[in-house]
1. Using a Förster distance of 45 Å, how high is the FRET efficiency between A:GLN339 and B:ARG273, based on the Cβ-Cβ distance and rounded to 0.05?
2. Subtracting the Cα-Cα distance from 0.36 nm times the residue separation, let me have the gained length for B:ARG218 to B:VAL431 in nm, one decimal.
3. In whole Å, what is the distance between the alpha-carbon centres of region B:165-231 and region A:55-79?
4. So for chain B, averaging the separation of alpha carbon pairs under 8 Å that are six or more residues apart and normalising by length, what relative contact order in percent results?
5. Report the antiparallel proportion of the DSSP beta bridges in the protein assembly as shown as a percent, rounded to a multiple of 5.
6. How high is the FRET efficiency from B:TRP415 to B:ASP292, r the C-beta distance, R0 35 Å, rounded to 0.05?
7. Need one number: nm distance between label points at B:GLN145 and A:ARG347, each 7 Å from Cα along Cα→Cβ, rounded to one decimal.
8. Gain in length, B:ALA155 to B:SER42, computed as 0.36 nm per residue apart minus the alpha-carbon separation, to one decimal in nm?
Amino acid sequence: MSAWGQLLRLETRRLLRSPRGRAVSAALFVATAAAGLLGARLAAAHVAAGQADLEAARARVEARMRGDAPLSPVETALWEDTVVARGVAPLAALTAQDLAALPDAAAVRLTHPPTALAARAERSPAAALLGTFDVAWLLSLVLPLAVLGLGYDALARDRARGNLAALLAFAPSAWGLVTARVGAVTVAALVGLGPGLAVALAATGALDGPLAATDALLVLLLAAAAALAFSAATVAVSAFSARPGTALVAGLVGWAVVALALPLGLAAFAQAAYPDPDPRPELDATQAAQSILTKDADRLVAEEARRRPELDPERAADGVQSVLRFERLRAAAHLRRVQGAGFERRRTQARRAELYRLVAYLSPTTWLSHGLAALADTDPEARQRFMAQAEAFQSQLALHVEAPLLDRGAAPGGWPRLTTPPDADRTPALLGAALYAALAGLATALAARRLDRGALTPAEEDA
Amino acid sequence: MTAAVTALALAFGLAGAGAYQARHEEHEELRTYGDERFSVQSADHPHAIAHRGYVVSRPPPVLGFLDAGLDGALGRWLTLDAHRTRPLEGARVGDLTRAPGAGRLDLGLLFTLVLPGFVVLLVHDAVAGERRRGTFAMLRAAGLQPGPWVAAKLAGAAARVGLAVFLPAALVAAALTAALASDAWPRLVAWLGVQALGLAAWAALTLALSAWVRDPPRALGMGLMGWGLLTVVIPPLASTAARAATRPPPPGVLSARLATWAESAHAQTEDLRARAIRDVRRRHPEWDGNGDSPEVLDAVMLRLADREVAERMAALLDQLAAEQDREATLAAALSFASPGGLAQLAGSAVAASDLAQARLAEAHYEGYRRELMAWINRWWAENGQGGFDAWSDTLKDLSSAPRPTPPRSPARLAWAGCRLPCLLLLVLCAVGGAAFALESRRSLRGAA
């Protein structure tokens with residue numbers, strides 16, 4: 001075994017056998033496993049809520065189409081909600097906090113744009129006030145603290161005791177010493193984190209849908225890269241500090257800035273850059289559009305019929321068909337106007353989410369939470385994606401009910417139903433892992449350079 | 001340190017005040033807008049007007065500029081209409097940030113999340129520093145009694161924390177209150193009291209740590225680590241456990257139920273007609289039930305059905321509220337060990353940005369909705385027979401009447417919300433103080 005390998009083994013063994021190393025590793029294991037199990041339970045509740053919403057709306061639709069005065073498919077699609085459930089990816093168990101702010105389902109009618117059902121944070125907002133202890137929270141907020149606890153004195157203690165020069169004399173190089181200590185801290189963190197993550201990933205098996213092996217590996221890779229980067233940063237802070245206490249305080253201040261202040265500040269920035277637009281024009285336009293449904297709308301229906309001549313009421317085979325075609329076109333005219341009224345709001349929300357996704361890369365702790373959220377389809381833009389899927393379903397529903405109107409016979413299959421498939425994006429996780437690796441390299445290089453230059457400066461005790 | 005706290009307080013305070021100002025302006029504009037739209041509406045059929053709806057804006061919390069609490073997680077406005085057929089309409093939660101406080105930035109977050117770290121920095125060496133400098137041994141040799149020592153240290157810690165940490169932030173809070181809500185001074189005092197209690201609990205716990213740990217750097221490290229864990233682990237863990245233990249009914253299921261009830265309001269069943277006739281005869285004993293009714297029966301049926309729908313809805317809302325209360329109480333109880341989490345819960349209750357206050361406004365609007373819809377149906381029932389000639393003038397009178405505004409948050413609600421967290425904070429203060437006293441006593445006696 002090379003000298004560096006021996007050094008790494010010695011450092012790792014020393015750290016893992018110390019009471020601090022054991023306590024931090026055990027705490028990380030327990031916390032990660034607990035966060036995973038709790039998150040899986042919360043995600044399962046969201047899956048159940050979405051499906052319950054879907055089934056309740058479906059039962060109502062079926063009852064309306066079979067009752068004493070049954071509605072036609074067109075009327076049902078116009079006046080009754082058909083619910084689309086948001087698919088929950090197994091990895092959403094790791095980002096359960098995001099699930100609280102996302103709707104589990106959306107209601108679709110042909111007259112209105114799809115409406116998101118109330119998210120958990122709206123129905124029971126206590127969770128919003130205190131946060132949610134999920135794996136993403138743990139990795140982005142607690143893991144840096146744990147790593148700091150493991151390695152804040154990695155080099156500062158030797159410097160304070162005056163051992164550093166002697167240590168460097170026996171080490172292969174300053175770089176070798178620093179990388180061995182970074183490696184030891186990372187391994188000690190991963191000893192607790194790895195099994196904890198394995199438990200958390202296994203807990204996602206209780207949810208619907210299999211967990212892709214690639215996604216599981218990406219989670220482990222991202223967590224390992226983050227642990228490495230946090231370890232390197234901690235050791236770098238330790239290398240630049242004269243005493244362990246100074247290193248600890250500097251590390252904690254850095255943690256408070258990077259993990260707490262930056263994400264909050266960046267979210268405030270995104271909110272300030274794209275504030276919600278004045279709701280009054282939308283309310284006015286929506287109210288004006290309401291009259292299309294309640295009053296004569298011959299002119300508008302004629303306009304719509306020019307767009308879609310196949311649905312022209314005048315070409316209908318009988319009076320019933322004519323009325324239903326009229327209602328369908330009237331709904332289309334209403335929908336067009338209401339969609340236009342809400343365009344500004346939707347565009348603002350989409351831009352805000354996009355801006356937040358971009359600026360969040362300024363905070364290293366959010367690389368992790370964003371990578372996980374993108375894998376779990378719970379990132380800031382998940383709401384927009386889900387509403388777009390609901391809009392696509394609305395078109396599918398329209399085609400379904402239009403088939404009998406166009407004399408194409410009843411559409412095959414029953415009333416359309418949809419649980420949207422989760423849309424995992426692996427790029428942010430890969431990008432996050434690469435950024436963490438780069439950060440680890442940079443921090444290690446800085447620490448090694450500091451040791452080269454400052455190892456022989458007198459320690460406090462020497463002075 | 002005072003300069004750092006002042007700078008942070010100004011940054012957090014101004015950010016909170018800016019968000020509150022925008023929210024307050026939007027509320028005023030929407031309130032005016034809702035009243036205007038109601039007053040200029042065309043004199044359609046009364047029930048069409050009831051269905052057309054009326055936009056109301058939820059008022060911002062009284063001390064929302066200091067502590068926005070749940071305000072960001074709740075809708076800002078909603079539409080009230082007959083039978084509440086559009087429960088999903090209204091401004092909804094858009095995005096909540098993955099961070100303590102769900103992304104809000106205000107003095108409440110500063111007090112509960114950041115300032116405790118400063119308290120640890122200030123107090124960690126209160127005893128450990130004496131030990132390191134050797135003055136503790138001198139004091140022991142001089143025969144110092146534990147009582148005066150403990151009292152002096154507690155008073156010293158209170159003075160340092162009060163002057164260097166609490167006072168600058170409190171002055172910023174007072175300045176913001178003077179600028180934005182000059183009638184909320186009593187509430188501000190209560191809110192600052194809660195925050196002071198939270199910081200006192202942190203100070204007591206740090207003093208105990210300082211007495212227990214021999215070395216100041218170690219005391220600082222453990223204190224700051226404890227601060228990190230107590231602010232970012234215990235509160236979200238408590239909240240998550242509470243969330244996992246409770247299951248509010250899915251909104252789509254409720255929505256389907258509401259739609260079925262709303263439909264029943266228009267169902268003209270024989271039973272409902274018979275009840276409507278009995279109702280009319282009760283008020284018009286001279287009518288024997290035959291011939292033309294003195295009131296429009298359809299309108300009476302609608303009013304009766306609407307009342308039933310509203311009663312069912314009230315029961316449903318009570319059930320939801322009970323579920324939410326269970327979750328909030330569980331979260332408060334489980335965050336017992338975290339002064340930050342407890343101060344956050346108590347602070348938002350005093351600032352009127354907690355669940356109980358949001359519910360108060362909702363209950364007010366629901367009451368107003370029922371009253372308005374019943375009034376419209378009653379008018380239709382009583383005057384509809386002669387046509388709608390008088391409706392236009394009546395509607396004008398109704399429209400010109402001021403819309404009732406939600407009651408200002410009563411003190412009893414604030415007290416109910418902050419009682420348990422404050423009690424637990426007092427317990428933490430007592431535990432920290434007692435641990436410090438016992439450890440000091442042991443150390444001093446040991447020397448003798």
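1. Values: r = 41 Å, r/R0 = 0.92.
The calculated FRET efficiency here is 0.65.
2. 74.5 nm
3. Measuring centre to centre over Cα atoms gives 58 Å.
4. 26
5. Working: 11 of 13 bridges.
Counting only bridges with both partners in the protein assembly as shown, antiparallel ones make up about 85 percent.
6. Approximately 0.05, to the nearest 0.05.
7. The modelled label-to-label distance comes out at 7.7 nm.
8. Numbers: separation 113, 0.36 × 113 = 40.68 nm, distance 6.88 nm.
Stretched fully, the B:ALA155-B:SER42 segment lengthens by 33.8 nm.
Where a number appears in this text, it was derived from the coordinates with a stated rule and is not lab data. Source: prediction; values computed, not measured. Virtual Cβ from ideal backbone geometry, glycine too; neighbours counted across all protein chains shown.
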